[in-house]
1. Return the sequence-ordered ³J(HN,Hα) values of the stretch 21-36 in whole Hz as given by the Karplus equation 6.51 cos²θ - 1.76 cosθ + 1.60 applied to θ = phi - 60°, using x for Gly and Pro.
2. With respect to the cross-link table entries Lys33/Lys53; Lys33/Lys73; Lys13/Lys53, which display a Cα-Cα separation exceeding 20 Å?
3. Give me the net charge for the shell around Glu89: Cβ to Cβ below 14 angstrom, other residues only, Lys and Arg +1, Asp and Glu -1.
4. Have a look at Arg105, Arg43, Arg28 and tell me which one the Gaussian network model of the chain (Cα, springs below 10 Å) gives the largest fluctuation.
5. Per-residue ellipticity at 222 nm for the chain, helices alone: DSSP H runs ≥ 4 residues times -39500 (n - 2.57), over residue total, nearest 500 deg cm²/dmol?
6. How large is the Kirkwood hydrodynamic radius of the chain, in angstrom, based on all distinct alpha carbon pairs?
7. Could you name the aspartates and glutamates whose alpha carbon sits less than 18 Å from that of Lys86, not counting residues in the same chain fewer than 8 places away?
8. For the stretch 78-93 and the stretch 9-42, what is the centre-to-centre distance using only Cα atoms, to the nearest Å?
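Every number in this text was worked out from the coordinates using simple rules, so none of it is lab data. A quick note: this is a predicted structure, and the numbers were derived from the prediction, not measured. No Cβ is skipped: glycine too gets one built from the backbone with ideal geometry, and neighbour counts run over all protein chains shown.
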Amino acid sequence: MYNNKVTMLQLYKTLVRPKLEYCIQAWRPYLCKDIELLEKVQRRATKLMFSDKLLGYYDGLRKLGLTTLETWKLCGDIVEVFKIFKGFENVSYNTYFTLSQSGLRGHSFKLYKPNFRL
């Protein structure tokens with residue numbers, strides 16, 4: 001354990017985390033081995049900050065105020081969909097999404113997910 005947990009956390013957030021999150025929507029890993037490889041980096045960093053070996057990975061993340069990389073990927077996806085719908089990206093949303101035509105209450109950006117039978 002390093003004595004100054006605050007400094008180690010700041011170094012992790014500044015130097016390591018941006019490299020793990022860079023363009024995650026473009027190269028999004030989907031194989032379990034690739035996801036585990038990325039999570040292993042974060043697991044190692046949280047182990048360095050705590051002397052308590054009985055503290056679990058998710059408890060350590062909660063104490064440090066961090067989230068898992070999978071959560072970051074989901075948030076990045078939501079932000080990217082928002083940018084596509086609002087016109088910040090030079091992509092037509094009709095290419096990737098179908099809007100629901102059901103006429104239900106609420107906003108006009110309800111997405112339709114077709115059912116597949118495989």
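1. With coefficients 6.51, -1.76 and 1.60, one gets 9, 4, 6, 5, 6, 7, 10, 2, x, 10, 6, 4, 5, 6, 5, 5 Hz.
2. As for pairs spanning more than 20 Å Cα to Cα, those are Lys33/Lys53; Lys13/Lys53.
3. Values: positive: Lys83, Lys86; negative: Asp77, Glu80.
Within the 14 Å Cβ shell, the charges total 0.
4. Sorting by GNM fluctuation, first place goes to Arg105.
5. Working: 6 runs with 60 residues, N = 118.
Result for the chain: -15000 deg cm²/dmol, rounded to the nearest 500.
6. On the way: mean 1/r = 0.0578 Å⁻¹.
For the chain, the Kirkwood estimate is 17.3 Å.
7. Cα-Cα hits under 18 Å: Asp77.
8. 23
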